[in-house]
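Some notes on the structure that comes next.
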Amino acid sequence: MEERQKRVKKQIQERHKKVEKQRKNIAGMVTISAVVACMIASLLLQRKEINDSIKSYSARYEILQKSIEEEKEHVKEIEKLKEYMQTDEYIANVAREKLGMVKENEIIFSEGK
């Protein structure tokens, strides 16, 4: 009988150890799950911030692209003006308007004041 009691006692102790080990395993898994959940939440938050940044940069990109196109048009206008300023027609207009020069046999009419 004593042997049986010892065996039963030993089995009970083994079961207690096994249950305690399972409790520790569960506690560890819960801890790991909590850490993983925190990491996922952090990644989702970072993803949202990155998406917001991408939207902001996309809007800024569009504005800059429009500005570049406007500047290209402005450069074209300046090039046309530069070409015009190298013509005889431009030089004659400046001579008339700024310097008051006239061509030979040209009659000037002025308004009386």
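Rule-based calculations on the coordinates, nothing more; no lab input. Everything numeric here is computed off the predicted structure, so don't read it as measured data. Note: ideal-geometry Cβ built from the backbone for every residue, glycine included; neighbour counts use all protein chains shown.
Details
- Range of Cα positions in segment 1-62 per principal axis (Å), largest first: 90, 8, 6
- Once the Cβ-Cβ distance of residue 52 and residue 76 is raised to the sixth power relative to R0 = 35 Å, the FRET efficiency obtained is 0.40.
- Remark: segment 59-66, residue by residue, has Karplus-estimated 3J(HN,Hα) of 5, 5, 4, 4, 4, 5, 4, 5 Hz, where x stands for each Gly or Pro and the curve is 6.51 cos²θ - 1.76 cosθ + 1.60 at θ = phi - 60°.
- Cα-based Rg and Dmax for segment 59-113, where Dmax is the largest Cα-Cα distance (Å): 20.0, 62
- Residue 85-residue 63 FRET efficiency (beta carbon distance; Förster radius 30 Å; 0.05 resolution): 0.40
- Pairwise label distance in nanometres, residue 16 with residue 101, each label 7 Å out on the Cα-Cβ vector: 11.9 nm
- Qualifying GluC sites (Glu not before Pro) in segment 57-106, where qualification requires a DSSP coil assignment and no more than 11 other C-beta atoms within 10 Å, comprise 104, 106.
- Longest to shortest principal axis, alpha-carbon extents of the chain, angstrom: 148, 32, 14
- In the chain, the longest principal axis of the Cα atoms and the axis of helix 88-97 are about 70 degrees apart.
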